[in-house]
Amino acid sequence: MKTLKAFFLITLTASVCFAGDPPATHGMLVFSTKSVGKGPKKVYASHLPMFHRPHDYQAIFEIRFDSKTLQTYLDDKAKSPDSINTLVPDPFVLTDLAHHPASVKAVLYHGHFEKGGTPITELVTVEFSRTLVFEKLFPVTPHPGTYQGFIFGDEDGLFLAHRITGAPNFDQIVELEPNPKIKIGAEPWMSDFPGVPDTALSAPATLSLPHIGPIQTKGPAYLELDDLKD
């Protein structure tokens with residue numbers, strides 16, 4: 001297992017070579033740790049990637065809503081815990097946001113905004129407070145022999161995001177059962193899962209994490225196959 005720190009620096013440096021992407025509407029998956037007190041401690045946004053410019057980045061951010069938007073999100077999750085939420089921001093340059101976290105105007109949706117989802121807010125301000133994962137995607141990148149993923153979160157909730165490599169591929173995020181052996185630091189971990197094929201995980205599933213041992217996933221999982229076919 002290795003931390004993402006060196007990996008993160010390498011991919012941010014690589015992304016500079018592709019500066020100049022135009023502003024675009026970058027849809028995001030929104031998800032969070034469990035509610036603590038008045039709301040979750042952490043809310044995340046995961047860019048919904050494709051293999052063509054300017055959407056060819058895997059990016060995961062920590063975000064903050066204002067109190068009214070956060071309550072709208074929590075109310076929606078309470079009514080439909082197995083549904084997803086997505087975010088549709090005004091056009092912006094994704095590489096700029098990854099390097100310089102900022103606030104963006106966006107509309108929050110119940111469900112997938114391109115697959116029958118419905119807006120549950122007006123245009124609101126969303127603070128992108130921290131970049132957790134940012135990698136340029138290349139369809140010709142060789143596939144690894146086993147499942148690779150980024151582990152992130154805190155003591156109130158852990159997540160595993162599949163690391164996207166070459167085409168065809170898939171975007172997947174699953175929640176992990178609490179595990180006292182997993183200590184999350186300032187940056188996510190990027191880890192291989194020996195013996196686990198690089199295919200979509202079922203939920204729940206039992207995985208083995210090097211130096212940790214068995215870890216358990218739980219659902220529901222987010223999975224997208226069509227957008228990363230080629």
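For the stretch 99-113, a tally of residues being in contact with a helix residue (DSSP H, G or I) (Cβ under 9 Å, 6 or more places away or on another chain) and either closer than 30 Å to residue 203 by Cα or surrounded by fewer than 16 Cβ atoms within 10 Å (Cβ to Cβ) (or both) returns 4. Can we say residue 170 is aromatic (Phe, Trp, Tyr), surrounded by fewer than 20 Cβ atoms within 10 Å (Cβ to Cβ) and outside the structural domain of residue 56 (by TED's automatic domain parsing)? Yes: the conditions hold for residue 170. Of the residues making up the stretch 173-226, those that are among the acidic types (Asp, Glu) and closer than 17 Å to residue 60 by Cα number 3. Among the residues of the stretch 105-163, those that are in a loop (DSSP other than H, G, I, E, B), of a type in the set (A, V, I, L, M) and either farther than 16 Å from residue 85 by Cα or free of Cβ contacts under 8 Å to residues at least 24 places away in the same chain (or both) comprise 137, 140. Put simply, of 121, 141 the only residue that is modelled with pLDDT of 95 or more and either crowded, with 17+ Cβ neighbours inside 10 Å or in the same structural domain as residue 91 (by TED's automatic domain parsing) (or both) is 121. Against the definition (buried (at least 19 other Cβ atoms within 10 Å of the Cβ) and either within 19 Å of the chain's Cα centre (by Cα) or of a type outside the set (Val, Ile, Thr) (or both)), how does residue 152 come out, yes or no? Against the criterion (buried (at least 19 other Cβ atoms within 10 Å of the Cβ) and either within 19 Å of the chain's Cα centre (by Cα) or of a type outside the set (Val, Ile, Thr) (or both)), residue 152 qualifies.
Every listed requirement among (1) touching a Ser or Thr at 6+ places or on another chain (Cβ under 9 Å); (2) surrounded by fewer than 22 Cβ atoms within 10 Å (Cβ to Cβ); (3) aromatic (Phe, Trp, Tyr) is met by residue 51 save one, (1). Residues in the stretch 188-229 that are surrounded by 14 or more Cβ atoms within 10 Å (Cβ to Cβ), more than 15 Å from residue 159 (Cα to Cα) and of a type in the set (Val, Ile, Thr): 196, 212.
The values are calculated or read from the model by the stated rules, or taken from the named source; none is laboratory data. As the structure is a prediction and not an experimental result, all values here were calculated from the model. Ideal geometry is used to build each Cβ from the backbone, glycine not excepted, and the neighbour counts take in all protein chains shown.
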